Amino acid sequence: MNWHSGKMAARTHFTQATQGVLSTVLILLSALFCITAFAQDSLVATHYTDTQKRDMGFEIARELRCPMAVNQNLFDSQSKIASELKGQIFLMLDEGQSKAAIIDFMVVRYGEKIRYMPALSSHTFMLWLIPIILVLLAIVGLFFFVQPTLKAQKLEQDTLHE
Amino acid sequence: MIPEIGLILLIISSTLSLILSTVTIIGIKLDSEYLLSYTKPLTTLMCLTLVCSILSLAYCFLVDDFSVAYVANNSNTQLATLYKVAAVWGSHEGSMLFWVVAIAVWAAFIINRAPGTKQHFHHKLVAVAALLIFGFCLFLLFTSSPFTRLLPDIPIEGRDLNPILQDIGLIIHPPLLFLGYVGLTICFAGAVAALLSGGLSQQYARYLQPWAVLAWVFLTGGNAFGSWWAYNELGWGGWWFWDPVENASFIPWLVSTAMVHSILLTAKRGILGSSSIFLAILAFSLSLLGSFLVRSGVVQSVHAFASDPTRGVSILILLIVFSGSAMALFAQRTSIKAAPITFSLWSKESLILLGNMLLVIAAISVLLGTCYPLMFEVITGQTISVGAPYFNSIFIPLTALICLLMGLAPLQNWRHSTKMQQPLILMAACMLMALTTTWMTKESFSVWLLLGLFSSLWIISATGLALVQRAAIKNDENSTDNGSSSLRFYGMCFAHIGVAISVLGATLVSNFETEELLRMGPGQGKTLSGYSFIYDETQAVETGSYSAIQAQIRVMDSQNQFVTYLYPQRQTFKTNGMEMSAAGIHSGLLGDLYVSMGQKLTNNPGLNDNEYLIRISYKPLVNWIWLGALFMMISGVVIVFASKKSIARIHSPTTQREYCNELA
């Protein structure tokens, strides 16, 4: 039951973004310091320890872009919305949700732009493919560029010796 | 009156630069010593007029002449004198002027110390540099003149210099970076001059070498200092964020690193001249492209200052004209079958060549990631972000590959392959050490940590092995190598160890940083990594330019001994009401204690309303990142002096004869 109220709190929290930092920090605090005994008997499979929660929360906050600040991640940004979203991340970690689920939740609300690590898709695969192809080309190119000329030279030298 | 003099001087120098290049080019064509004798005085004159021009701008800042738009926008009567001087390059127009002036000074220095040769390499270089100066001057005069007046409504008080820039960083970081770009400009001029003289011969490469290394030293310093500045001042604890503005200066650094290696290789062995030329052209083009990205405002950045879309187009035109013509010349003058390959696959040459290619690929990847959101938006209309996690996923493996080559190359012979036994054993040992360390220290296995640890361990041990081998060779036979070449070798080793130190620092701070984000008020405390942080009190601070609240945080170590006080601040600037946070940092060789102060947590009924969101962290070895850069810079300077010596040797009559014999 507590679990549900937590989720509802998250929803209302979102609609009342103007309430400012108060609710955020309460949530943040509860996420960081409260022992979430009730989460254990809930249906959610995963339960994170406090350190796990902190590390994962910071990690997720680092991979998401603050909707307000100019090119800063949620972790570094000090805008109000960033603190609220950080609170939201910890709330969802309390619920035992996975990193992917939390990031998906954020993407649904704020669009692809919030993700600093672009999702692999037909639009973005070039980002990884181009560097890999270039590295392979460089290695293969060097091999073919250096080897044949050498052989040719060796042949020339050999014939000279004869 | 003074600003008009500055403007006229700028116009005069642009005319002089055109005359200088025309006279020199015609002089070379006609082989007229008489015409060429004008090159030196004309360059000196152009340099003097440009220096006087920037001095008159500095004078306008010092006397608070707010009728000049640039001064009114970037200065204020309240501003400290030192910052008034630094404000000259604090924004777009002035920094472009600084760039042009520095090209002229550097060119004048070169032509006045040039040895008289038949090929007129230095004259050609100065002629190309003068054309570049002409282009930049036109750009300044027509789109961004720093001397534009605000008449007749002269403001009584200037807008302030951007508060973020009011820091010691502004005095050092931009000049270093611009000097690096200027060095790349000179290398570009040198590369074009070499193309006009039929390719980069060993001798031209020897002329270019000190300037290339110097450009690289400046760029290294500019990047490292910029990162240090952001870490200390921006108050978000990052030392590198892969922000577009950071990338804009990092990409030219990567390519210039490749360029330096290539030019040193050409100077030493006389091979791969065209790859050196190509890299020099590429490095300069990328520095212009970086300026375009930063100054046009097409990218979103935390460090954005002075962006204006109208200038972007002019920079793009400059880029197309300069790089386009140079590339066209390169395509015309260089044939693919230029030189026979005189080295085998496992020789030092191929490893350096591969390393250079990887550096350029790294630069291209960073450029791709930086520009991808722009292209994506243009093509699909949707917005995406490409940020730090992506860049790390590409850049760390590439760096590891480059580090592998960095350790391997000094152990290889020139031309032929060496026995690979020792290096392979060493490599395996490093890998084993890195693996065990990774397993022991982290719960979950981290590939990034493994790669970083291996890279730094491998570079340090392999460089050590190379030094030992070299010493052994020296003791064996009364070595034939001279002082300057062994000085260069030690410089190279020192620079590589610098890279290892930076990599180690970056790896450890990324993987072992511990941090907490929490609310704190007077009397509260928190323990982190064996240190206790105790919030003593909140204080109010008043300075000339801002008022701030700061937290006094006492730090005790595990034995409850007092370590230091930290004072993170939230500053509000008086002139424009901008809010900033400045971190409190206690630096040590082994790690930094870092505290930054967030928002005040008010409207908190029932709770103490004097609490702030505080972020505390312990950053192990973070200073090693910049220590490594310092190593690189010092070794660069050593190499510059070593190559100066070797140039002096070339031009002494006896060695010149030997050199000719060697060539024949």
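Looking across B:I384, B:I361, one residue alone is surrounded by 20 or more Cβ atoms within 10 Å (Cβ to Cβ), outside any helix (DSSP H, G or I) and without any contact (Cβ under 8 Å) to a residue 40 or more places away in the chain. It is B:I384. As a summary of the residue check, B:L589 satisfies the conditions (1) under 30 Å from B:E157 (Cβ atoms); (2) in contact with a Leu (Cβ under 9 Å, 6 or more places away or on another chain) except for the one numbered (1).
Checking A:R65, A:R11 one by one, the residue that is basic (K, R), at pLDDT 90 or above and more than 16 Å from B:R615 (Cα to Cα) is A:R65 and no other. Screening B:E579 with (1) without any contact (Cβ under 8 Å) to a residue 24 or more places away in the chain; (2) farther than 17 Å from B:L613 by Cβ gives one miss only, at (2). Candidates are the residues of the stretch B:365-381 that are surrounded by 20 or more Cβ atoms within 10 Å (Cβ to Cβ) and over 20 Å from the mean Cα position of the chain (by Cα); the one that is farthest from the other protein chains (Cβ to nearest Cβ) is B:P373. Of all residues in the stretch B:568-587, those satisfying the criterion of being among the small types (G, A, S) and surrounded by fewer than 16 Cβ atoms within 10 Å (Cβ to Cβ) are B:G577, B:S587.
With respect to being part of a helix (DSSP H, G or I), outside the structural domain of B:V128 (by TED's automatic domain parsing) and buried (at least 20 other Cβ atoms within 10 Å of the Cβ), B:I263 fits the description. Do the conditions hold for B:G491, that is, is it part of a helix (DSSP H, G or I) and either surrounded by fewer than 18 Cβ atoms within 10 Å (Cβ to Cβ) or outside the structural domain of B:I616 (by TED's automatic domain parsing) (or both)? In short, yes. Just to be sure, is B:V294 buried (at least 19 other Cβ atoms within 10 Å of the Cβ) and of a type in the set (V, I, T)? So B:V294 fits the description; yes.
When you scan the stretch B:499-514, do you find a residue that is within 14 Å of chain A (Cβ to nearest Cβ) and assigned to a strand (DSSP E or B), even just one? Looking for residues that are within 14 Å of chain A (Cβ to nearest Cβ) and assigned to a strand (DSSP E or B), one finds at least one in the stretch B:499-514, hence yes. In the condition set (1) at the interface with chain B (Cβ under 9 Å from one of its Cβ atoms); (2) buried (at least 17 other Cβ atoms within 10 Å of the Cβ), A:I139 is compliant with all but (2). Return a yes/no flag: does the stretch B:550-559 have any residue that is within 14 Å of another protein chain (Cβ to nearest Cβ) and among the polar types (S, T, N, Q). No; the residues of the stretch B:550-559 include none that is within 14 Å of another protein chain (Cβ to nearest Cβ) and among the polar types (S, T, N, Q). The conditions of being without any contact (Cβ under 8 Å) to a residue 40 or more places away in the chain and touching a helix residue (DSSP H, G or I) at 6+ places or on another chain (Cβ under 9 Å) are met by B:V88. Checking B:S455, B:S485 one by one, the residue that is part of a helix (DSSP H, G or I), modelled with pLDDT of 95 or more and not hydrophobic (A, V, I, L, M, F, W, C) is B:S455 and no other. Applying the condition of being in a strand (DSSP E or B), modelled with pLDDT of 80 or more and facing chain A (nearest Cβ under 9 Å) to the stretch B:598-614 and asking which residue is nearest to B:Q571 (Cα to Cα) yields B:G598. For the stretch A:57-108, filtered to residues that are surrounded by fewer than 17 Cβ atoms within 10 Å (Cβ to Cβ), among the β-branched types (V, I, T) and within 15 Å of the chain's Cα centre (by Cα), the residue that is farthest from the other protein chains (Cβ to nearest Cβ) is A:V108.
Evaluated against (1) in contact with a Gly (Cβ under 6 Å, 6 or more places away or on another chain); (2) in a strand (DSSP E or B), B:S558 falls short on exactly one condition, (2).
The values are calculated or read from the model by the stated rules, or taken from the named source; none is laboratory data. Since the structure is predicted, the reported quantities are computational estimates derived from the model, not experimental observations. Reconstructed Cβ throughout: ideal geometry from the backbone, glycine too, with neighbour counts over all protein chains shown.
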